[in-house]
Amino acid sequence: MNRRRQWDIFCKVIDNFGDIGVCWRLSADLAARGERVRLWVDDASALSWMAPAGAAGVEVLPWTESIESTAVAAHLAKQPGDVLIEAFGCDIPSEFLTLWVAQSVQSQPARCWLNLEYLSAESYVERCHAMPSLVGHGPAAGWTKWFFYPGFTPQTGGLLREPELLHRMAVVKAETPQHDMNRLRVSLFCYEPPALAALLAEWSLHGLAGQPVELLVTAGRTAQAVKTVLSQWKSESELLHITWLPWLSQTEFDHLLWRCDLNFVRGEDSVLRALWAGKPFIWSIYPQDDGAHLPKLEAFLKQLDLPASLKVFHQAWNTAGEKLTAPSAAVLTDWRLHVEAARTALLNQEDMASRLLQFVDKNR
Ligand code: TRH
């Protein structure tokens with residue numbers, strides 16, 4: 001590679017924060033490796049807390065209903081784009097494509113257009129990763145668009161992981177005072193799992209693994225779900241101490257996961273962060289109306305080779321009403337060892353941004 005490439009990443013926020021969360025991490029990761037990124041997003045509001053300091057090399061631009069050709073033209077004239085990413089199947093506005101394609105003809109023949117897909121451990125990911133698709137109509141008719149699937153094996157697009165992540169973890173660990181070892185620290189980031197009330201009741205009566213629980217509840221939907229449960233309770237418990245967190249930056253969110261003994265996470269981005277944290281975690285998978293999330297969960301649990309008790313807990317947490325079996329201290333340790341082993345195996349693989357850079361070099 002001889003010069004910094006200019007990336008244009010398009011992101012539409014559907015709901016929650018996974019789309020923008022993943023696009024931001026990818027943009028910041030690429031920029032930290034010397035690339036230049038324009039992140040076009042239809043709703044950038046979450047970035048005010050997720051990434052308040054921004055990132056050098058990343059420019060956040062509005063993707064409005066009627067994206068202005070003149071504004072696009074000005075940006076492309078300033079710096080022609082080399083790589084175009086449509087995140088999660090969002091359609092790139094034709095105004096942008098028209099100008100992007102025109103520039104290719106004039107000055108930028110070697111360019112790459114990718115459709116970044118959602119993360120899954122299912123087997124179709126290896127089959128579909130890096131497949132080309134010929135664009136049949138619109139301003140970019142005749143161009144090739146490539147499918148890029150993140151995943152857990154060398155035959156996929158890999159997992160987002162900044163090169164300095166482990167180093168940052170070690171520094172934060174060294175700087176963090178030991179917390180009260182007579183309490184288990186648990187973070188909670190979830191939707192509205194049917195088993196939430198039963199879980200909180202269990203902790204308030206018995207604690208977790210023989211210890212009181214310090215529960216760190218993330219802002220938004222999670223806090224609302226917990227408050228709904230608590231509103232029906234008559235008294236507080238000495239075994240369950242709750243802290244309500246403000247919105248954290250992604251960096252602070254990562255630190256939270258590193259500092260806890262058990263993490264409840266949800267959706268696509270935070271589950272990876274929980275995995276890198278190397279602590280036992282429970283994943284609320286993003287629910288889909290057609291139930292497609294359940295085989296996806298199954299494939300994930302199998303891929304990571306997690307122990308049966310952790311699989312059972314996941315199944316109960318992600319379905320309606322099944323009873324959760326609270327883990328003992330020994331079971332929690334077993335969960336941690338398995339997560340650490342899964343993490344070690346994945347750390348031996350190349351991360352997603354590295355694979356993306358190689359892919360772009362090869363296919364343009
Ligand atoms: O918010 P999510 O449930 O996002 C979902 C899923 O990714 C789902 O797969 C996707 O289809 C849907 O969005 C559209 O969970 P996720 O993916 O973990 O995204 C949350 C992001 O918010 C993540 O980057 C972490 C970040 N975050 C913070 O930075 N600070 C916070 O305080 C909290 C609670 C989260």
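Compute the distance from the alpha-carbon center of segment 241-292 to that of segment 156-211, in whole Å.
7
Please turn the phi angles of segment 112-118 into ³J(HN,Hα) values with the Karplus equation 6.51 cos²θ - 1.76 cosθ + 1.60 (θ = phi - 60°), one per residue in order, whole Hz, x for glycine and proline.
With the stated coefficients, segment 112-118 comes to 9, 10, 10, 9, 7, 9, 6 Hz.
Place +1 on the Cβ of every Lys and Arg and -1 on the Cβ of every Asp and Glu in the chain, take the dipole about the Cα centre, and give the residue among Leu199, Gln358, Gln288 whose Cα lies farthest towards its positive end.
Selected residue: Gln358.
Among rounded, prolate and oblate, which fits segment 165-347 when a ≥ b ≥ c are the square roots of the eigenvalues of its C-alpha gyration tensor, a/c under 1.5 means rounded, and a/b larger than b/c means prolate?
rounded
Check Ile282: other-chain or 5+ apart residues with amide H under 5 Å from its amide H, H built from backbone geometry?
Excluding prolines and chain starts, which carry no amide H, the hits are Asn263, Phe264, Val265.
Let me check against my output: what whole-number percent is the relative contact order of the chain, with C-alpha pairs under 8 Å and at least 6 apart?
The normalised contact order for the chain reaches 15 percent.
What is segment 120-269's relative contact order, in percent, from Cα pairs under 8 angstrom and six or more apart in sequence?
Relative contact order for segment 120-269 comes out at 22 percent.
Run the accessible area of segment 165-347 with a 1.4 Å probe and give the carbon-and-sulfur part as a rounded percent.
Result for segment 165-347: 56 percent of the exposed heavy-atom area is carbon or sulfur.
Charges only on Cβ, +1 for Lys and Arg, -1 for Asp and Glu: so what's the dipole of segment 82-168 about the Cα centre, in debye to the nearest 20?
160
For the pair Tyr191 and Asp91, what calculated FRET efficiency results from E = 1/(1 + (r/R0)^6), where r is the Cβ-Cβ distance and R0 = 22 Å, to the nearest 0.05?
0.20
Find the lysine pairs in the chain meeting two conditions, Cα atoms under 14 Å apart and a separation of 8 or more places or different chains, and report how many there are.
Lysine pairs meeting the criterion: 5.
Ignoring ligands, DNA and RNA, what accessible area per residue does segment 165-347 give at 1.4 Å, in Å²?
Value returned for segment 165-347: 47 Å² of accessible area per residue.
The values are calculated or read from the model by the stated rules, or taken from the named source; none is laboratory data. The model shown is predicted, which means the values in this text are computed figures rather than measured ones. Every residue, glycine as well, gets a Cβ built from its backbone with ideal geometry; the counts of neighbours run over all protein chains shown. Ligands, DNA and RNA are excluded from the accessible area calculation, which covers all protein heavy atoms including side chains. Shrake-Rupley method; radii C 1.70, N 1.55, O 1.52, S 1.80 Å.
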